[in-house]
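A quick write-up on the structure given underneath.
The values are calculated or read from the model by the stated rules, or taken from the named source; none is laboratory data. Treat the numbers as computed from the prediction; the structure is a model and nothing was measured. Methodologically, a virtual Cβ is constructed for each residue, glycine included, from the backbone with ideal geometry; neighbour enumeration extends over all protein chains shown.
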Number of protein chains: 2
Amino acid sequence: MTKKIKTAISPTRAEDYPEWYQQVIKGADMAEKSPVRGCMVIKPWGYAIWENIVRGMDDLFRETGVKNAYFPLFIPLSFLEKEAEHVEGFAKECAVVSHHRLEQSDDGLVPAGPLQEPLVVRPTSETIIGDAFSKWIKSYRDLPLLINQWANVVRWEMRTRLFLRTSEFLWQEGHTAHATETEAIARTRQMLDIYARFAEEALAIPVLKGVKSPAETFPGAIQTQCIEAMMQDRKALQAGTSHFLGQNFARASGIKFQSRDETEEYAWTTSWGVSTRLIGGLIMTHGDDDGLVLPPRVASSHVVLLPIYRKPDDRSAVLTYTHRLAERLRAVRYHHRPLVVEIDDREIGGARGWEWIKKGIPLRVEIGPRDIAADAVFMGRRDLPAGKKSSLSTDQFVSGITDLLDDIQHNLFERALQFRQAHTVEMTDKADFYSFFTPADRERPEIHGGFVQAGWCGSERCETTIKTDLSVTIRCIPFDGGPSGGRCICCGSAAEKQVIFAKAY
Amino acid sequence: MTKKIKTAISPTRAEDYPEWYQQVIKGADMAEKSPVRGCMVIKPWGYAIWENIVRGMDDLFRETGVKNAYFPLFIPLSFLEKEAEHVEGFAKECAVVSHHRLEQSDDGLVPAGPLQEPLVVRPTSETIIGDAFSKWIKSYRDLPLLINQWANVVRWEMRTRLFLRTSEFLWQEGHTAHATETEAIARTRQMLDIYARFAEEALAIPVLKGVKSPAETFPGAIQTQCIEAMMQDRKALQAGTSHFLGQNFARASGIKFQSRDETEEYAWTTSWGVSTRLIGGLIMTHGDDDGLVLPPRVASSHVVLLPIYRKPDDRSAVLTYTHRLAERLRAVRYHHRPLVVEIDDREIGGARGWEWIKKGIPLRVEIGPRDIAADAVFMGRRDLPAGKKSSLSTDQFVSGITDLLDDIQHNLFERALQFRQAHTVEMTDKADFYSFFTPADRERPEIHGGFVQAGWCGSERCETTIKTDLSVTIRCIPFDGGPSGGRCICCGSAAEKQVIFAKAY
């Protein structure tokens, strides 16, 4: 019988994964529910991660010629209706603005000044940006048009979870228009590749790249490409999507251009987005039973210095040494930004260390009189067990810190990749498939399942059957999906494609 | 009789200042009206200025310990009502969300799912952030709490002007809570000083710092401090405000803390903001009859290279030289960011040059075969007349470009400062005052007026009289307002303060 190890987060992942997730966020002080239904407050420690994602992604977009702009928060109802599938996809979750002032009445303040045409708070901006594009684009010389916006969007949700599913969330939405179908398809893939690169390199989240089944395609798109990541409960998280919209939205919004041979043609458009959901993915990929684990590339802060002294006489020397070390570290740049260094000189003893572990800071450094005497620091890495700390010379620490951080970054990615590989299986037998996705005890489902690569006949019927029976969906048809052929895991007829099945967020 | 000079913008400032403003924005391709009433589309050239403002200000905030966070877009009606003056100040211009989905009916899509409590799209976030603060703050150890958010806000406007007055705009709002009144007042001023510093150093806009009269104070605040700039039509633009809120919002939201001596006290709070309005101020401070003039520190791009060749044989050599020069320039850093270099190789002859002048880019560089032979460039500066260009060696140009940009930055500030000084007068005589602010021809008012420093008795009656008679308001009571004493410019009784009067945006 193993002794129960004390962990900073209760419950552990194994005990209750969804509750563990909430407790990690609380323990790291990242975000909280707001009194506004479905909306969250992103606290500084969580928001800093988003700022790092924004900065890193924005640079990658820019390198491909994308420019940022800003479009209205509100969309006239009539715009949304222009693309039939699109409005159907979003109608059930739209916040509607109906009035433009408040008036005192006997019942207190009431809405007044009704709008002639109600406005919808943008759930996504294809229609309002399409309207702008229709004015900006006249000739093939205006193409390609490559625009991105960082913004908030609203999709009304009844059941919300911080970062993963909230009524308001922050995201970026890229919108591009092209003269040819080929070019638009290439751009769709180019942006997906950027998402995959950022997820793997900066967030240390391994992802599968592929195409959504028609049933899971963005409302109004011809094709949706996606990156899918495996969380530690073995469920999939869709971490980013890139849509090839064909000429659907161009027709709806009238985005036309004069071609080289002077004919008038509809443009080919794409749109692509990632959101604050990535932070949820980061928590569930790397977090452990002691709390958040931050990949250094997007960490809110990189290192915390913890001055330690028992005798009041030592205080001044320890604090001076600590501040001097902080200055040296702040002069170091790590992936285009200066190291962010925290000094925690609160006199609350051992509780400090655990607070920073829960916050997932990559490096913790203790500095006491004996360390100073040896010109050394006592260091803990968040990717190693909390108790495992090592002493190294201060000079060595400063000169080697970027390597240390890269090593942590690398370890987190490798760990996550191994986890995904360990829980990804190929299957050909339907009974095996059903049993793989069925928890032993339905009352209290333990962590089970994973990613299954299996054949699919291509019919919506089989997709729906599996979804109804098991709450399992086709996550993607991978670009590098191995040999086609084989049999459909559901109906046994010839498989059109090899696809990835999983339960998903 | 002077010959009429051809200008890139029609009308000129003197001919029709408001229309000139619209045409500058159009000519520079910065922004446009959207089909959504009162909302604007900020195009890449305009949005890049905002991104530079965000980056520069954010660094200054951060240096003072402020951390960024994000709060909900929606505010429950009941929150807004907590502070009586506050809700009264904003009730007339609130976008109200009343429903959370759309349904098909015989009349097409209609709002459905009425909300039990309507939500207001944030016009400002004191109440929703106050609610968060009331949970985050328990003890004096949690203070000061220094939070900022970059966000969109909505204040419904019937008469809108791009950047200056739009229903939706982008801004930052800082919110801080303190244990003492003294500390909160000091923070109010500290942030105003940062606004002033940024306006003068980065935007090259000279500003006056001071306090608003009670009538112009933010709804719910004890004191509003502001920076005021003079536009080229001699009107004032309020460019930033910093509010000392006393304990008003702390009482409304229940922001209480345990003090050092274990009593429970209400916190002292502040809030402060600047918005995309700054871009309007920048246009109207520096723009000329050829269009936008961008201060290098916040310019969307710093320099455009214009390859010039007549013979097709020269094309390749000129383009190669141009791209090599661009690479050299992009390696140069100017105020913490790499130079942004445009290459315009469109074959549209002289029109190119004028387009970039209208866009306000600080430096234009022509590169032709003869320049290449001499290893030189032919350069135009946006702060000098369009026709005045000079040749200098390419090496000299590259090594001296940051000095050149600093020189332009400096010139723009000095020019604006001299303009303001030339149109600021002290007055003691009421008739003079009235005539100063009265256009000769009421039908077609020419540019007139300016800033008047004059005595004010402190009564709202005199303030209102002047506002009603002349549309002139007290812009601020300057911190360095010179000697008090003298007589009220309106009623002639003893003046309490020397204040700045002006017409304003």
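Only one of A:G280, A:G273 is within 35 Å of the chain's Cα centre (by Cα), of a type outside the set (F, W, Y) and assigned to a strand (DSSP E or B); which?
A:G273
Given (1) in contact with a Cys (Cβ under 8 Å, 6 or more places away or on another chain); (2) part of a helix (DSSP H, G or I); (3) surrounded by fewer than 21 Cβ atoms within 10 Å (Cβ to Cβ); (4) of a type outside the set (G, A, S), where does B:R197 come up short, assuming only one miss?
All conditions pass for B:R197, except number (1).
Here are some conditions: (1) within 10 Å of chain A (Cβ to nearest Cβ); (2) within 26 Å of B:A221 (Cα to Cα); (3) at pLDDT 95 or above. B:F61 meets all but one. Which one does it not meet?
(1)
Scan the stretch A:112-129 and give yes if some residue there is in contact with a strand residue (DSSP E or B) (Cβ under 7 Å, 6 or more places away or on another chain), among the hydroxyl-bearing types (S, T, Y), more than 19 Å from B:V87 (Cα to Cα) and facing chain B (nearest Cβ under 9 Å), otherwise no.
There is no residue in the stretch A:112-129 that is in contact with a strand residue (DSSP E or B) (Cβ under 7 Å, 6 or more places away or on another chain), among the hydroxyl-bearing types (S, T, Y), more than 19 Å from B:V87 (Cα to Cα) and facing chain B (nearest Cβ under 9 Å).
If you take the residues of the stretch B:455-498 that are in a loop (DSSP other than H, G, I, E, B) and charged (D, E, K, R), which of them is farthest from B:A236 (Cα to Cα)?
Per the criteria, the residue is B:E496.
Inside the stretch A:144-170, can you point out the residues that are surrounded by fewer than 22 Cβ atoms within 10 Å (Cβ to Cβ) and assigned to a loop (DSSP other than H, G, I, E, B)?
Within the stretch A:144-170, A:P144, A:R155, A:E157, A:M158, A:R159, A:T160, A:L164 qualify.
So for the stretch B:79-96 (the condition being part of a loop (DSSP other than H, G, I, E, B), in contact with a strand residue (DSSP E or B) (Cβ under 6 Å, 6 or more places away or on another chain), within 14 Å of chain A (Cβ to nearest Cβ) and not charged (D, E, K, R)), does at least one residue qualify?
Within the stretch B:79-96, one or more residues are part of a loop (DSSP other than H, G, I, E, B), in contact with a strand residue (DSSP E or B) (Cβ under 6 Å, 6 or more places away or on another chain), within 14 Å of chain A (Cβ to nearest Cβ) and not charged (D, E, K, R).
Residue by residue, here is whether (1) buried (at least 22 other Cβ atoms within 10 Å of the Cβ); (2) not in a helix (DSSP H, G or I) holds:
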| position | (1), (2) |
| --- | --- |
| A:Q238 | no, yes |
| A:E262 | no, yes |
| A:T269 | yes, yes |
| A:D313 | no, no |
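How many of the residues making up the stretch A:371-425 are more than 30 Å from A:K503 (Cα to Cα), part of a helix (DSSP H, G or I) and not hydroxyl-bearing (S, T, Y)?
Residues meeting the conditions: 15.
Go through the stretch A:323-363 and give me each residue that's assigned to a loop (DSSP other than H, G, I, E, B) and under 29 Å from A:P312 (Cα atoms).
A:V340, A:D344, A:D345, A:R346, A:E347, A:I348, A:G349, A:G350, A:I361
State all residues of the stretch B:429-444 that are part of a loop (DSSP other than H, G, I, E, B) and within 28 Å of B:I205 (Cα to Cα); if no residue qualifies, say none.
B:F437, B:T438, B:P439
Could you list, in sequence order, all residues of the stretch B:240-260 that are outside any loop (DSSP other than H, G, I, E, B) and of a type in the set (S, T, N, Q)?
Listed by number, the residues that qualify are B:T241, B:S242, B:N248, B:S253, B:Q258.
Restricting attention to the stretch B:200-216, and to residues there that are surrounded by fewer than 20 Cβ atoms within 10 Å (Cβ to Cβ) and not small (G, A, S), which single residue is farthest from B:A299 (Cα to Cα)?
Among those residues, the one meeting the criterion is B:P214.
So if I check each of A:R55, A:R101, which one is in a helix (DSSP H, G or I) and either surrounded by fewer than 22 Cβ atoms within 10 Å (Cβ to Cβ) or on the phi > 0 side of the Ramachandran plot (or both)?
Residue meeting the stated conditions: A:R55.
Taking B:D233 as meeting all but one of (1) assigned to a loop (DSSP other than H, G, I, E, B); (2) under 21 Å from B:R165 (Cβ atoms); (3) in contact with a Gly (Cβ under 7 Å, 6 or more places away or on another chain), write down the number of the exception.
Condition (3) is where B:D233 drops out.
Give the residue, chosen from A:Y47, A:Y21, A:Y17, that is of a type outside the set (S, T, N, Q) and within 11 Å of chain B (Cβ to nearest Cβ).
Sole residue among the options that is of a type outside the set (S, T, N, Q) and within 11 Å of chain B (Cβ to nearest Cβ): A:Y47.
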